[in-house]
Structures are given as C-alpha cells and as structure tokens.
Amino acid sequence: MFVVTGATGNVGRPLVQALVKTGEPVTAVSRNEEHLPGVRHVRADLTEPDTLKPALDGASTLFLLTSPDFLAAGGDLTGVLGTAKAGGVRRVVLLSSQGVATGRHAPELEDAVVGSGLEWTLLRPGGFHSNAFAWAETVRTRRTVEAPFGDVALPTVDPVDIAEVAAAAMREDGHAGRAYTITGPEPVTPRQQAAAIADALGEPVRFAELSRAEARTRMLRAMPEPVVESTLDILGAPKPEEQRVSEDVERVLRRPARSFAEWAGANAAVFK
C-alpha cells in the first residue's frame, strides 16, 4: 500500500492520481476533510505522529511532504519515521528542496530520513510553475502580473513532473539512496512567465515589476520572515546551481520536463 501525505496539494493530488492508475491501494493523508476519488482518506497531522497510525499500518511506501506549520513547530521527523517503521513502511520518498543542496535551507529533514534505516529517495525541486497562481487575481481583474526581479531567470518546474518522479521512486526499484534535483527544461524570467500566460489567454498581460521591499511586504502576509528572505535571495540573486537545468526529470521519466508555457496552457482557465 502507498501512503501520500499532503495529498490535496499541488504535488500530492497528481501523485495520488498517478498511483491510483497502478491499481495498488492508496491512502491519502491530509489535515483537511477533502476526499479524493478512488482512495482511502485519513485525516492526520505530522506534528502529531500518533494520528498517522491508521494510515501507516500495513503500508509499504510513504511519500513525505512537510507543511510550513510542521516546520514552524520544529520540523522533527523522528516520531513520524518511527511510526512509519512500526507500521511496516520500508520505503520513504521525501519532498525536500533544492535549497538543501545549495545551503539555503537546513538539512535536518533529509538527515532524519537518511538516518532512519528505511530505503529512501530525496526529491529536491526548485521553484514551482504553480507559484504563478499567486498572480491569478491580478491577471483576471487587471491583466497584470506583479513580481520582483522581472529579468532573473530560474528553471521552475511543473508540480505534475515532481509528482510523476515521486510515483516512479515509490513504485520502482533503482531509486534508493538517490537525491534528484528537479527543474523545468529551461530558465524562465517572471516577465517571460507573464508573456506565456498572455499567450495561453490570447490576450495581452502587462508585467509590473515590484521592488524587493514591496514583494517582501506582500509575502509576509502568508510566509514566515526567514522563508520570505531566503526566497527573495533566490529570486533576486540565485546561485549558478539554482539557475542550472537538471536532467533528472528526463532520466527518471524518459521524457522532457514540461515547460512553463505548457503549464500555463494547461491552467489558462485559472487566469481568465
């Protein structure tokens, strides 16, 4: 049995869909009441590992996605991994971050998984294409994208690609002990993203550049200050390795990663 935490999010939802297609039993874990078709749902919270027991009993493979609330509460995976082992889990796939490899983010979550005694795979994506959903309201109401660092390019990635790599790591042998850097097929700037959304809509979309201070003020409404600062550092002054395209998606899936333009076309309805 496969268990997916964070099952109703941008990565968890397509991961559940990919696993359901295999015909194997899937348990979707989330903190909300939402149920996904074709799977068992367990409401649980990683900050309370005991709530995971009904989901993990009899499970073989766990996809582990930690929320900002979990990290704010200390981010200790010891209890979660102990509960997983007690329930029979043998393989764990952790959604980590490229920032761990580049020194932007702390390695504690990865260290816990690697030291757990379980078979493990680490997924290290950079920025998501779906971060552009933050622009949906201004695009719908004013046909405007507002973002800082308009001409700084990063190889953002489609969450569906992350989900499909995760599904492969959960289902297939040969991924144990590997850390995959997951990017899109090319670096893209916010200005280019706005143009891609315009192409998907068939209408002009204006790009308005925010200052770092303006972006910081907006981001603080939804994110802790340390996360805001590190995110702005990446967006404004990325390291060379953060701008480099990885071939790991193509290696695992045997197809190219999806571009931002492809993602915008598939999600055009959100911006109309």
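Can you give me the C-alpha center-to-center distance between the stretch 228-271 and the stretch 171-187, rounded to a whole angstrom? The two parts, judged by their Cα centres, are 14 Å apart. Could you check which residue among Glu33, Glu209, Glu164 shows the biggest mean-square fluctuation in a GNM of the chain with a 10 Å Cα cutoff? Per the Cα network of the chain with a 10 Å cutoff, Glu33 tops the list.
Quick check: at a probe of 1.4 Å, how many percent of the accessible area of the stretch 168-272 sits on carbon and sulfur atoms? Kindly include the intermediate steps, with their values, before the conclusion.
Working: 2870 of 5840 Å².
Exposed carbon and sulfur together represent 49 percent of the surface.
When all protein chains stay in place and ligands, DNA and RNA are ignored, the 1.4 Å accessible-area order of Thr78, Thr181, largest first, is Thr78, Thr181. Considering all C-alpha pairs of the chain, those separated by over 26 Å amount to 43%.
What is the dipole size for the chain, taken about its Cα centre, with +1 at each Lys and Arg Cβ and -1 at each Asp and Glu Cβ, in debye to the nearest 20?
Dipole size: approximately 480 debye.
Rolling a 1.4 angstrom probe over the protein heavy atoms with all chains in place gives the chain an accessible area of 47 Å² per residue. For the stretch 204-226 versus the stretch 52-76, the inter-centroid distance based on Cα atoms is 30 Å.
Using a probe radius of 1.4 angstrom, the carbon and sulfur fraction of the accessible surface of the stretch 1-106 is 50%. Could you tell me the convex hull volume per residue, in Å³, taken over the Cα atoms of the stretch 150-272? Dividing the Cα hull volume of the stretch 150-272 by its residues yields 136 Å³. Entry note, the chain: relative contact order of 18 percent, from Cα contacts under 8 Å with a spacing of 6+ residues. The phi torsions of the stretch 38-51, fed into the Karplus equation with coefficients 6.51, -1.76 and 1.60 and a -60° offset, translate into couplings of x, 9, 7, 10, 10, 8, 7, 9, 4, 6, 10, x, 4, 5 Hz, rounded to whole numbers, with Gly and Pro shown as x.
Estimated from the Cβ-Cβ distance and a Förster radius of 22 angstrom, the FRET efficiency linking Glu229 and Ala134 is about 0.80. Here the Debye sum runs over all C-alpha atoms of the stretch 62-111 as equal scatterers in vacuum, and log10 of I(q)/I(0) at q = 0.27, 0.32 Å⁻¹ comes out as -1.16, -1.33. Helix 225-236 axis versus longest C-alpha principal axis of the chain: approximately 60°, rounded to the nearest ten. Can you give the log10 of the normalised intensity I(q)/I(0) at q = 0.11 Å⁻¹, computed with Debye over equal Cα scatterers of the stretch 121-194? After summing over all Cα pairs, the log10 values are -0.37. Taking amide H as placed 1.01 Å from N in the peptide plane, Arg206 has its amide H under 5 Å from the amide H of Thr144, Val145, each at least 5 places away in sequence or on another chain.
The values are calculated or read from the model by the stated rules, or taken from the named source; none is laboratory data. Please read all numbers here as calculations on a predicted model, not as lab measurements. Neighbour counts run over all protein chains shown; Cβ positions are idealised from the backbone, glycine included. Side chains are part of the model used for accessible areas, which takes the heavy atoms of the whole protein and leaves out ligands, DNA and RNA. Shrake-Rupley method; radii C 1.70, N 1.55, O 1.52, S 1.80 Å.
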